[in-house]
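Notes to accompany the following structure.
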Amino acid sequence: MAISLPMDTDRMTDRLSATETELRHCFVLGLGGDTAQYRLFLDGLGSHLRAYLRRRLPRAQADVEDILQETLLAVHNARHTYRDDQPLTAWVHAIARYKLMDFFRAHSRREALHEPFEDDGRLFVESDVDPTDARRDVGRLLEALPDRHRLPIVFVKLQGLSVAEAAQRCGISESAVKVGVHRGLKALAARIRGSV
Amino acid sequence: MKTDDLIAMLANAAPPVDRRAPGRRFALALLLGLAAAMVLMAVGLGLRRDLNEVVRWPMFWLRLAYPACIGSAAMWLTLRLSRPGVRIGNRWAGVAAPVAVAWIGMAAVLTQVPVDARLALVLGHTWRVCPILIALLSTPAFAAMLWAVRGMAPVRLRATGAAVGLLAGATATVAYCLHCPEISPAFWSIWYLLGMAIPAVVGALIGPRVLRW
C-alpha cells in the first residue's frame, strides 16, 4: 500500500534541484533539435507529472493518464515559450497547473471545491514511472469507506495535511480525525486482505 | 493511446525550436497595430492642422509620453504573462507610475486656475468622444496582439487579456495624440486613461474565452 510520508525538507530540496538540473539539461538540448535528449526529458517529466497528478487527484485516478497526456502535449506545443533564465520547474508547473484547473473546470469535481489548489512547487519531488500504480486500487478501496474514515485518510495520509488542517476541512474535531485515520486504515487493511 | 506512445510520437515530431520567433511575432503585431491605428486616425479623424506648430511644444511630447510609457509597461507585462511560470508580482506598478505622474501634473495645473474654471479645463471640448475614439482606434492593435499572444502559452488568461487590451489602448492613444486638439494634462490624464481602460476591461472579460489553449 502506498502511503506517502512527509519528506525531510533538505532532502526534498536536494532532489528537486537535481531533477531540475537533469531535466533542464535534456530539455534545452531537445530545444536545439536533439530528439534523443528530448525523449529523455519527456520520459522523466511524464513520471514526475504522473506522481504529481496522482497526488492531486486522489479520487479521479482514472483521469490521471488522460490529463498527463494532455499536459505532455501542452508542454510540447508550448516549448518555444520557455525562457532560458527561468527555472524549468516553474515553467512546467505552471502548465501542469493550468491543465489541471482546466480539468477541474470542465468536470467540476468535488476536489475543485474542497481543495483550493496551492502552489507547493513539489512537482519534481516524487517520480512515478509505473503507469498502473497500486495507489489506484487504494483509491478504489477508499471509495468504499464512509466519509468519516475516508476523508481523514485522504487529507492526512494522501495529501499530507496536518491533523488540525484536516479537522478544519472535515468539520470534525482533531481527535475524531485521528480515530478516523486509525479505524479507516484498519478497515482498509481488512479489505485488502479480503480482496487478495 | 498509451503515454509511452505519445512520448515517442512527440519526440519524433520535435524539430529545433526557433527561440527568436516569439519576439518577431510580438514586434510584428505591435507594428501592425500602430500602423493600422495611424491610418485609421489619419483617414477617419485627420491630423491636427497645426501639427507643425505643436511639435515644438514640450507639452505635446509629454502628452505623447503618457500613452507611450503606459504602453511600454503593458507590453512588458504582456510578454511576461504569455509565458508560463514567469512571475508578475507587483509589476503592475509599471502601469500605475505614469498615471500617478500625470495626475500630479493635473493637480498642479488645476491649482493654478480659479475654482470655477477647473471643470471646463478637465472636460475640454472633446471629452465625450475622446475615450470612445481611442477604444475604436485600438481594435486593430487588439486583434493583432491577441494573435501574437495566442501563439504563446498564457496561464493567467484574465490578466493577460487585460494587459493586451491596455497595450492596444496605449497604441491607439499614441496615434490619437496626432489628432487630439486638447493639450492640457487636466484633460488627457483622465480621458486618455479612460480610453485605454475600455479595451483593457474588454480584454479582461474576453481573455478566458479567447486566449484559452
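Computed from the coordinates by the stated procedures, all read-outs in this text should not be read as laboratory data. This one's a predicted model, so the numbers in the text were calculated from it and none came from an experiment. Using ideal geometry, Cβ is built from the backbone for each residue, glycine included, and neighbour counts are taken over all protein chains shown.
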Largest to smallest principal axis extent of the C-alpha atoms in region A:9-114, angstrom: 41, 34, 22
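Mind checking the mean number of beta-carbon atoms from other chains within 10 Å of the Cβ atoms in B:4-17?
Values: counts 4, 1, 9, 11, 3, 3, 11, 12, 3, 3, 12, 2, 6, 8.
Across the residues of B:4-17, the mean count of other-chain Cβ atoms within 10 Å is 6.
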Shielding of A:72-83 by partner chains, average beta-carbon count, 10 Å: 6
Percent breakdown of C-alpha pair distances by 10 Å bin, ordered from the shortest bin, for region B:21-210: 10, 37, 34, 15, 4, 0
For peptides A:78-84, B:206-212, sequence by mean Cβ density within 10 Å, most packed first: A:78-84, B:206-212
Per-residue mean of C-beta atoms belonging to partner chains within 10 Å, peptide B:83-90: 6
Relative contact order for chain B, counting Cα pairs under 8 Å that sit 6 or more residues apart, in percent: 32 percent
Estimated vicinal HN-Hα couplings, Hz - region A:143-155 in sequence order (Karplus 6.51, -1.76, 1.60; Gly, Pro = x): 3, 7, 7, x, 3, 5, 9, 5, 4, x, 5, 4, 6
Percent of alpha-carbon pairs separated by more than 28 Å within the protein assembly as shown: 59 percent
